[in-house]
Structures are given as C-alpha cells and as structure tokens.
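Data first, discussion second: the structure below is written as structure tokens.
Nothing in this text is a laboratory measurement; each read-out follows from the coordinates by a stated rule. Just so we're clear, the structure is a prediction, and the values are computed from it rather than from any experiment. Positions of Cβ are backbone-derived with ideal geometry, glycine not excepted, and every protein chain shown enters the neighbour counts.
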C-alpha cells in the first residue's frame, strides 16, 4: 500500500558549502557527489526542510520516491514506513535545521496542509519522472524548468503543487526526478532504479547533514 504520513528530526546545521546550483543529470552512483554538492548550494539558509516523496508502490519504478522516503527513515534510525513525532537533537551541534519527510503517495496535494503547518523554508519533492533518459538517471531541477518532463502518477500536476506551496510559504522548491524503466502495475522496481534509490538517499542525507 502507498504510505501517507510524515516524520521529523532535528539535525546539525554546520558550515555552508557552495556549488553551481544549475540543472544537471547524474548517472547511477558515479556522480552522486555532484547531487549532494548542488543540493547543499540550494539549501543554504534552510531552517525547515520538508521532503515530499511521491509515487505508487504498486507500479514498479514509480515507487522510487516512496522507497527513498523509507530509506530516510532507515538511515535516521526510524523503521521504514513509520511516523516519528519526536525530534532528535545531536549533542553539541551549534545550529539546527529541522527536517520532516512527508509520504505523499499518488495524491501529494493531500499533504499541503501539514507541509504548510510545518512552515518549511525549503521543500524537496522526489518522484519518478519520464524525462526520455536512461533508466535510473536522476535529474535535479527547478519547478519552472519541467517542460517535457512527465511525472508518473499524480492526480495534480506537480508544477501546480509547487506553485501553491511557494505562494503560501514563500519557500524554495527543489525537485528530484528519477527516470523509470517501467511503471507497469505489479512489477518490481528495476535494478537500475533500485541503485539510484540507494544513492539518492545517501546524497540527500549527506547534503542535509552538511549544510
């Protein structure tokens, strides 16, 4: 079943790192440091980061966003698919940035209320997206630059959702799209996308832990 919910943590806000902040493609595991660096650049000044993961676990590679969200649960010490209401503050951190992961499923617009209540300064939206690229490619881009990109199972176009959140929160939107190999019903996640899921979790975690 597709998970809908969220969990939150507090993590260190250390030295800011700069990067080009331009759109780019990454291939498998080989350029994940570039993803992390670009995210660090775009997350400068973040106080509250909402990670909105989107997709359907019933449609093969369209599960990428949801599985990435579950990966964040695992690396931050919470069982996959659970909702953690308590925040964790690492000892001795001089600054803090709050992060909350929202599981939007195939109707992420249903979580606009909780995202607004969280008062996010930055929103990272993660979903499978047909970009006409090789399976498993990951693309980091701005919401105004998604022409020709087809997100897979939304009831509301993702750019409209992004515009809505910007209007009410005056936040920065960052989109991460993973090229699916197949979104056929009942099929498992492809090897190419499974590899990208693993490294996207690592890259996003590294970026957030080092902004």
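Indicate the gyration tensor shape class of region 169-211 (rounded, prolate or oblate), computed on the Cα atoms with a ≥ b ≥ c the square roots of the eigenvalues: a/c under 1.5 is rounded; otherwise a/b larger than b/c is prolate and the rest oblate. Here region 169-211 falls in the oblate category. Modelled spin-label separation between residue 44 and residue 194, with each label point placed 7 Å from Cα along the Cα-to-Cβ direction: 3.9 nm.
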